[in-house]
Each structure stands twice: as C-alpha cells, then as structure tokens.
Amino acid sequence: MVRRAWVSLIIAVLTLTSVVATAGASSDVDATAATLRTLTVTGDGAASAVPDIADLELGVQTIHEDPSVAIVENTTAMASVIETLIELDIDEDDIQTRSFNMWVEQVYGPDGPTGEFLYHVVNQIVVRVRDLDMTGDVLGAALAAGANNVSGITFGVEDTQALEEAARDAAVDNAVAKAEQLAERLGVKVGSPRHITETSGGFAPERLERAVAFESAGASVPVSPGDFTVRVSVSIVFDIEL
C-alpha cells in the first residue's frame, strides 16, 4: 500500500509540473507576440538661429634660407598680429594657437637639386570674435598687421542648449506624425512609446573657406554670417493597438 501511494504521489507531481510548464510556455508565447506588435519610426528635427560668434582661423607663414631667421620673422609678425587683435578689444582668452610647424623645402634647378634649402615656418591661431559687426574689421586689421594666411571663418552660437531642445521637440513631433500616418494606413492605432533613442545630433555652422594667402591690407573684409542650425534625430518604438 505504501509503495502504491508513493507511485500515485509521483504521478500527481509530474502531472502538475507539466501543467505549469505548459502554462508558462503559453505565457511566453503571448508575451513575445505582444512585444512584436510594435512600430519603429525615425524623426528628424532642426532649429536655426542667427550666429553670435565667429571663429577666424588665420596665421603667419615665413620663408627663409636660414631657419633661425624664418622663426624670428614669424614670431615678430605673429606678435604684431596678436597685439593688433588685443587693441581691437579681443580678449586674450579668445586667441588660441591652433598649430605651429616648420618644414624644409629642397630647392631644385634645371639640373636637379641645387643644395639649397628653404625653411617654411607656419603659425596658425584661432580668434573668437564676439561682436559679429567687428568680424570684417578684425580680419582686415589682422591681415594688415602681418597675417598672410586665412584658413576659414566659422560662424556659430555660443549657447546651443535652447536650439538643441527645439530641434529635439521637432524631431519627436516628426516621429509621432510618421507613426500616426503609418498606423492609419495599416488600420491600427499608435500606443505608448516603448523605447526612445536619440540616434544623432550635430551642428551645421556656416563656414567660409579662405585657404589662400592674402596681401596685407587695412580695409575691412566683407563677410556674411548666414544661419547656424542644430539637427537632431530620434528613433521611437511605439506599441500598436489592434
């Protein structure tokens, strides 16, 4: 009798385990099916503003057969440029050295190398101008003081937080509009957002390229700041309600 009772108990436990396992599997299938009822869209947004700063990348290049002379001439010219910038009320903290390098050019004649060398010294700085009305005057004065190379002018916005928030709002609105359009076309409804990711973002500053040497001149150089644009993209996964 005892042995028969143990056998009955074991059978009952196995039967209960099988029922629980079956119920669990069914629940997993339902959960998976529910998870798959989603709609993923990407929204893009942008916000623009008038720039309030300009970064001028300019420099001094000197060439001489004596490297010491090339360095001294370069240092003297750059000191004159920086002094002129400070006289125009540019803060010293807004003048930053971008690069300083020297390279050697071997001189060739009709019959090949002449044995002579020319030493090129290039000192590049970045100047931040906070009064855009002064941009052209600053550039003209720098050229007159000895700068002979301008790599570019970049216009931007110093505080981009408000633009980023506006661009992000526009990106979300764009994503929601896309989701509602797709859902209506498919005969379903858009549910709650399940997952949100900001997939990209960046600035689109206006940049004027001037990668050429300029003759020294005191005249103001005409420049146009254009617009500064911030772009944001978001990816949103929505639940679908049938």
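Data table
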item: Qualifying strands (runs of 3 or more DSSP E) (wholly inside the range 168-242; at least 2 residues being modelled with pLDDT under 95 and exposed (fewer than 12 other Cβ atoms within 10 Å of the Cβ)); result: 189-204, 206-213
item: Residues (over 24 Å from Ala79 (Cα atoms) and acidic (Asp, Glu)) located in the range 35-61; result: Asp44, Asp52
item: Top-ranked residue in the range 77-114 [being free of Cβ contacts under 8 Å to residues at least 12 places away in the same chain and hydroxyl-bearing (Ser, Thr, Tyr); ranked as least open to solvent (accessible area, probe 1.4 Å)]; result: Thr114
item: In the range 34-76, residue surrounded by the most Cβ atoms within 10 Å (Cβ to Cβ) [restricted to those that are small (Gly, Ala, Ser) and not in a strand (DSSP E or B)]; result: Ala70
item: Among the residues listed as Leu163, Leu143, the single one being closer than 13 Å to Gly59 by Cα, of a type in the set (A, V, I, L, M, F, W, C) and assigned to a helix (DSSP H, G or I); result: Leu143
item: Residues that are farther than 22 Å from Leu56 by Cβ and of a type in the set (Ser, Thr, Tyr), drawn from the range 67-105; result: Ser68
item: Boolean, Asn149 is surrounded by 18 or more Cβ atoms within 10 Å (Cβ to Cβ) and modelled with pLDDT under 95; result: yes
item: Pairs where the first residue, in the range 118-130, is touching a residue at least 24 places away in the same chain (Cβ under 8 Å) and part of a strand (DSSP E or B) and the second is polar (S, T, N, Q) and buried (at least 20 other Cβ atoms within 10 Å of the Cβ), C-beta under 8 Å, 6+ apart; result: His120/Thr62; Val121/Thr62; Val121/Asn74; Val122/Asn74; Asn123/Asn74; Val129/Thr135
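The values are calculated or read from the model by the stated rules, or taken from the named source; none is laboratory data. Just so it is clear, the structure is predicted and the values come from calculations on it, not from any experiment. Here Cβ is always computed from backbone atoms with ideal geometry, including for glycine, and neighbour counts include all displayed protein chains. Ligands, DNA and RNA are stripped out before the accessible areas are found, and what is left, the full protein with its side chains, is counted by its heavy atoms. Shrake-Rupley method; radii C 1.70, N 1.55, O 1.52, S 1.80 Å.
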